[in-house]
Amino acid sequence: MKLLAIDDNQDNLLTLSALLKAFLPQAQLITSQSAQDGIRRAGMEAPDTILLDIQMPGMDGFEATRRLKASPATQHIPVILVTAHRSDSSCRVMGLECGADAFLSKPFDEAELVAQIKAMVRIKQSEDALRQERDSLEALVQRRTAQLLEANTELQENLERLVQSETRYSRSARGTS
């Protein structure tokens, strides 16, 4: 399981890293201290889930979420917005409207953090499997369509040859009678 944490505060990233080592030791944590760099890393690393701080200089978590969800390379990665300052319902609604998949408040409740991450990873894995199955079915349909078109072309050519042969036979039969 690969996670990307984007937070401008290094202490928050260290705390999160310690929590994950204790409660999700199988998780690989990638960190970034700016939204711009985090978006770039998300495209390169393809994490299973992104933990994204809302309040950051330059670009806040809402705008970062919009950009992540607008990009074909990252739109399928679940985003969990996190904040220590703005956890009221209007903030949560704004986050969800931007495309976030979940919302957590700092300081983290360890059980909730782990449960949210596991849920987002399960959702992403399920969605990835569905996309892969869809792509496989689309490829199969394209192959079968190409085969049918080829068979149809062959049948048309055979029919034309048959008509030509019948015409020649008919002429030949009339010429001998």
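Just to be sure before I move on: is LEU68 within 19 Å of ALA119 (Cβ to Cβ), assigned to a strand (DSSP E or B), in contact with a helix residue (DSSP H, G or I) (Cβ under 8 Å, 6 or more places away or on another chain) and open to solvent by less than 50 Å² (accessible area, probe 1.4 Å) in the structure I sent? So LEU68 does not fit the description; no.
Condition check ((1) among the β-branched types (Val, Ile, Thr); (2) at pLDDT below 90; (3) open to solvent by less than 80 Å² (accessible area, probe 1.4 Å); (4) under 29 Å from ARG41 (Cα atoms)) across all residues:
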| site | (1), (2), (3), (4) |
| --- | --- |
| GLY61 | no, no, yes, yes |
| ILE80 | yes, no, yes, yes |
| GLU97 | no, no, no, yes |
| LEU104 | no, yes, yes, yes |
| PRO107 | no, yes, no, yes |
| ALA119 | no, no, yes, yes |
| ASP128 | no, yes, yes, yes |
| VAL141 | yes, no, no, no |
| GLU157 | no, no, no, no |
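Taking the stated definitions as given, is GLN132 under 16 Å from the mean Cα position of the chain (by Cα) and surrounded by 10 or more Cβ atoms within 10 Å (Cβ to Cβ)?
Values: under 16 Å from the mean Cα position of the chain (by Cα): yes; surrounded by 10 or more Cβ atoms within 10 Å (Cβ to Cβ): yes.
Considered against the rule, which asks whether it is under 16 Å from the mean Cα position of the chain (by Cα) and surrounded by 10 or more Cβ atoms within 10 Å (Cβ to Cβ), GLN132 comes out as yes.
Against the list (1) touching a Cys at 6+ places or on another chain (Cβ under 9 Å); (2) open to solvent by 70 Å² or more (accessible area, probe 1.4 Å), the condition ALA111 fails is (1). Whether any residue in the stretch 86-94 is at pLDDT 90 or above, in contact with a strand residue (DSSP E or B) (Cβ under 8 Å, 6 or more places away or on another chain), outside any loop (DSSP other than H, G, I, E, B) and closer than 19 Å to ARG66 by Cα is what I want to check. No, the stretch 86-94 has no match at all. Among the conditions (1) buried (at least 20 other Cβ atoms within 10 Å of the Cβ); (2) over 17 Å from the mean Cα position of the chain (by Cα), the only one that THR49 does not satisfy is (2).
Here GLY95 meets each of (1) in contact with a Phe, Trp or Tyr (Cβ under 6 Å, 6 or more places away or on another chain); (2) within 19 Å of THR15 (Cβ to Cβ) with one exception, condition (2).
Of the residues MET56, MET44, only one is among the aliphatic types (A, V, I, L, M), in a loop (DSSP other than H, G, I, E, B) and out of contact with any strand residue (DSSP E or B) (no Cβ under 7 Å at 6 or more places or on another chain); which?
On the way: MET44 fails: in a loop (DSSP other than H, G, I, E, B).
None of the other options fit; the residue is MET56.
Is it fair to say GLU150 is at pLDDT 90 or above, under 30 Å from LEU4 (Cα atoms), open to solvent by 100 Å² or more (accessible area, probe 1.4 Å) and not in a loop (DSSP other than H, G, I, E, B)? Here the answer is no, as GLU150 does not meet what is asked.
The values are calculated or read from the model by the stated rules, or taken from the named source; none is laboratory data. Note that the structure is a prediction, hence the values are computed from the model and not measured. Methodologically, a virtual Cβ is constructed for each residue, glycine included, from the backbone with ideal geometry; neighbour enumeration extends over all protein chains shown. Only protein heavy atoms, including side chains, enter the accessible area calculation; ligands, DNA and RNA are left aside. Shrake-Rupley method; radii C 1.70, N 1.55, O 1.52, S 1.80 Å.
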